[in-house]
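J.: Let me give you the structure first, and then I'll get to my questions.
The values are calculated or read from the model by the stated rules, or taken from the named source; none is laboratory data. Owing to the predicted nature of the structure, the values given are computational and were not obtained by experimental measurement. Quick reminder, even Gly has a Cβ in these numbers, built from the backbone with ideal geometry, and neighbours come from all protein chains shown. Just the protein is used for accessible areas: all its heavy atoms, side chains included, with ligands, DNA and RNA removed. Shrake-Rupley method; radii C 1.70, N 1.55, O 1.52, S 1.80 Å.
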Amino acid sequence: MNEPTEKEREIFESISKVEDPELHISITELGLIYDVKLNEEGIANIKMTLTSMGCPAGPFLKSETELAAMRIDGVNSASVEIVWTPKWDPKLMASEDAKSMLGIYD
């Protein structure tokens, strides 16, 4: 796996401002963003998952993630693909801060 470029890190940072509306925790802190790639045409391709298949906030989170990516100079468009593999597990994927907010303690 390639190291993210500076622009891809900027995109990820912008996405980190998107919060799950039910949990009020950043989707990056939750570990919902699996991959961010920016191609030569300025298209950001983002793979993310949701906390559950029936997540009512799914369309909102997808839209907000695309908008956050497009705030970065050099990003002409953004495409979010919702994926289910690997299955999201907050015990493994969430940051320590997010785990604490969710009441998950090792």
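J.: With all protein chains present and a 1.4 Å probe, how do MET93, MET53, MET70, MET101 order by accessible area, largest first? Spell out each step's value before the answer.
T.: Details: MET93 55, MET53 145, MET70 80, MET101 120 Å².
Most to least solvent-accessible, the answer reads MET53, MET101, MET70, MET93.
J.: List the trypsin sites (Lys or Arg not before Pro) within the stretch 62-97 that DSSP assigns to loop and that have no more than 13 neighbouring Cβ atoms inside 10 Å. Mind showing how you got there, number by number?
T.: On the way: sites: LYS62, ARG71, LYS87, LYS91; in loops: ARG71, LYS87.
Those satisfying the criteria are ARG71, LYS87.
J.: In whole Hz, with x marking every Gly and Pro, tabulate ³J(HN,Hα) for the stretch 64-81 from phi via Karplus 6.51 cos²θ - 1.76 cosθ + 1.60, θ = phi - 60°.
T.: 5, 5, 4, 4, 5, 5, 6, 6, 8, 4, x, 9, 8, 7, 9, 10, 9, 9
J.: Measuring with a 1.4 Å probe in the full set of protein chains, what accessible area per residue, in whole Å², belongs to the chain?
T.: In whole numbers, the chain has 61 Å² accessible per residue.
J.: Which residues make up the longest stretch of the chain that has no chymotrypsin sites (Phe, Trp or Tyr not before Pro) in a DSSP loop with at most 11 other Cβ atoms within 10 Å?
T.: On the way: sites that count: TRP84, TYR105.
With a cap of 11 other Cβ atoms within 10 Å, the longest stretch comes to 1-83.
J.: Give me the one-decimal nm value for the distance between modelled label points at ILE104 and GLU22, 7 Å along each residue's Cα-to-Cβ direction.
T.: 1.5 nm
J.: Same structure again: Give the long-range amide H neighbours of ASP35: residues separated by 5 or more places, or on another chain, with amide H under 5 Å away, using H modelled in the peptide plane at 1.01 Å from N.
T.: LYS47
J.: Quick check: at a probe of 1.4 Å, how many percent of the accessible area of the chain sits on carbon and sulfur atoms?
T.: 52 percent
J.: Would you pull out the residues with amide H under 5 Å of ILE25's amide H, same chain only if 5 or more places away, H placed 1.01 Å from N?
T.: Those qualifying (amide H under 5 Å, at least 5 residues apart or on another chain) are ASP20.
J.: Could you work out how far apart the two model spin labels at VAL83 and TYR34 are, taking each label as a point 7 Å from the Cα in the direction of the beta carbon, and quote it in nm?
T.: The answer from the label model is 0.4 nm.
J.: Could you give the angle, 0 to 90 degrees to the nearest 10, between helix 6-15's Cα long axis and the longest principal axis of the Cα atoms of the chain?
T.: 50 degrees
J.: Label points 7 Å out from Cα along the Cβ direction at GLU3 and GLU41: separation in nm?
T.: A separation of 2.9 nm, rounded to one decimal place.
J.: Would you calculate, for the chain, the mean residue ellipticity at 222 nm contributed by helices, counting each DSSP H stretch of 4 or more residues as -39,500 (n - 2.57) and dividing by all residues, to the nearest 500?
T.: The helix-only estimate for the chain comes to -9000 deg cm²/dmol at 222 nm.
J.: So, one more: List the longest stretch of the chain that has no exposed loop site; here a site is one of the GluC sites (Glu not before Pro) assigned by DSSP to anything other than H, G, I, E or B, with at most 14 other Cβ within 10 Å.
T.: The reported range is 42-106.
J.: Defining a contact as two alpha carbons under 8 Å apart and six or more residues distant in sequence, what relative contact order in percent does the stretch 27-94 show?
T.: Relative contact order of the stretch 27-94: 39 percent.
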